[in-house]
Amino acid sequence: MYDIPPSGHEMLATDLKIAARNVQVYYAETHALKDVNVDIADKTVTAFIGPSGCGKSTFLRCLNRMNDTIDAARVEGDILLDGQDIYNPSVDPVQLRARVGMVFQKPNPFPKSIYDNVAYGPKIHGMARSKSDLDDLVERALRRGAIWDEVKDRLHEPGTGLSGGQQQRLCIARAVATEPEVLLMDEPCSALDPIATAQVEELIDELRQNYSVVIVTHSMQQAARVSQKTAFFHLGHLVEYGDTAQIFTNPEDPRTESYITGRIG
Ligand code: ADP
């Protein structure tokens, strides 16, 4: 379907959402990410695992050009979304981030109402023609964020007044409100208690029906629970990538095996 050199990972072209080729990231002189090649599938949860500092978040941020916001960061190589180079100068990063949404480690609702948190993206992207259009969009996003029932009677109260787990689901609703195709999540449960974590994990599983979801997690149990594909990073290299079940039961690389058995990391 696309004229992209093979990544070494087999995938049907129709399943391919993002192709990364020869990606390098430098922070000033530090070579943080080294020659990463990977295919990320549509309607699949892909987990990035590996010891702290191995480059997981750095690579995640490459996928929607969030590294553009870090002065010292320099990205080389190609990242293709549906076959289009997202680093092409003609690509507007704001539009790109509407297509490739992001949820952060710490829930970060705007200091606005629940409604306005979700309505903000659709408004700036001109997605609603009328107030009732916008109301519908907000409701749909909050339903997708699995938080509608909890907030429908308090839409005009501040988002910051919700519990941590509710705030994170609000942030997921905010991210899906612009109808993204890919959802990036950087340790989305690390600030949550076990019950809220379980709710967000369940939500991730539902989101995969509509989106390509990429999640950075320090928890191997979480990767095993929520993902179908796993990429293991170590010291800036993507060491191994494959079906989650295979990575966790029969890894090919000794470094992956050491990590999953707890010998490194
Ligand atoms: P992980 O997400 O796996 O913990 P990171 O992607 O955060 O790893 O970090 C990879 C490497 O890049 C680390 O050595 C880290 O110190 C460095 N790094 C990350 N962010 C920055 C930054 N904003 N400025 C300079 N170095 C950074």
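Hey, among the residues in segment 159-206 that are among the acidic types (D, E) and assigned to a loop (DSSP other than H, G, I, E, B), which one's surrounded by the most Cβ atoms within 10 Å (Cβ to Cβ)? Outline the logic, then answer.
Filtering segment 159-206 for residues among the acidic types (D, E) gives 179, 181, 186-187, 193, 201-202, 205-206.
From what is left, the residues that are assigned to a loop (DSSP other than H, G, I, E, B) are 179, 181, 187, 193.
Details: E179: 18, E181: 16, E187: 20, D193: 11.
Filtering first and then ranking leaves E187.
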Q.
Can you go through N88, N108, N64 and tell me which one is over 20 Å from the mean Cα position of the chain (by Cα) and either surrounded by fewer than 22 Cβ atoms within 10 Å (Cβ to Cβ) or within 29 Å of Q228 (Cα to Cα) (or both)?
A. N88
Q. Within the set of pairs 6 or more residues apart or between chains, which connect a residue that is over 13 Å from V38 (Cα atoms) inside segment 59-79 to a residue that is within 8 Å of the ligand (Cβ to nearest atom) and open to solvent by 40 Å² or more (accessible area, probe 1.4 Å) with Cβ atoms less than 6 Å apart?
A. N67/R61; A72/Y27; A72/A28; A73/Y27
Q) If you scan segment 210-255, which residues turn out to be in a helix (DSSP H, G or I) and crowded, with 23+ Cβ neighbours inside 10 Å? A) A223, V226, I247
Q.
Which of the numbered conditions does T69 fail, given that it passes all the others? Conditions: (1) among the β-branched types (V, I, T); (2) modelled with pLDDT of 95 or more; (3) within 16 Å of the ligand (Cβ to nearest atom).
A. (2)
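Provide a single number: the residues in segment 134-153 that are more than 18 Å from Y120 (Cβ to Cβ) and over 22 Å from the mean Cα position of the chain (by Cα). Give the derivation first.
In the first step, residues of segment 134-153 are kept if they are more than 18 Å from Y120 (Cβ to Cβ); the result is 146, 149-150, 152-153.
Those left that are additionally over 22 Å from the mean Cα position of the chain (by Cα): 149-150, 152-153.
Number satisfying all stated conditions: 4.
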Q | Single condition Y87 does not satisfy, out of (1) part of a loop (DSSP other than H, G, I, E, B); (2) away from the ligand (no atom under 16 Å from the Cβ); (3) within 30 Å of G262 (Cβ to Cβ) | A | (3)
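The values are calculated or read from the model by the stated rules, or taken from the named source; none is laboratory data. Predicted model, so just to flag it, every value in this text is computed and none were measured. All Cβ positions, glycine included, derive from the backbone under ideal geometry; neighbour counts span all protein chains shown. Only protein heavy atoms, including side chains, enter the accessible area calculation; ligands, DNA and RNA are left aside. Shrake-Rupley method; radii C 1.70, N 1.55, O 1.52, S 1.80 Å.
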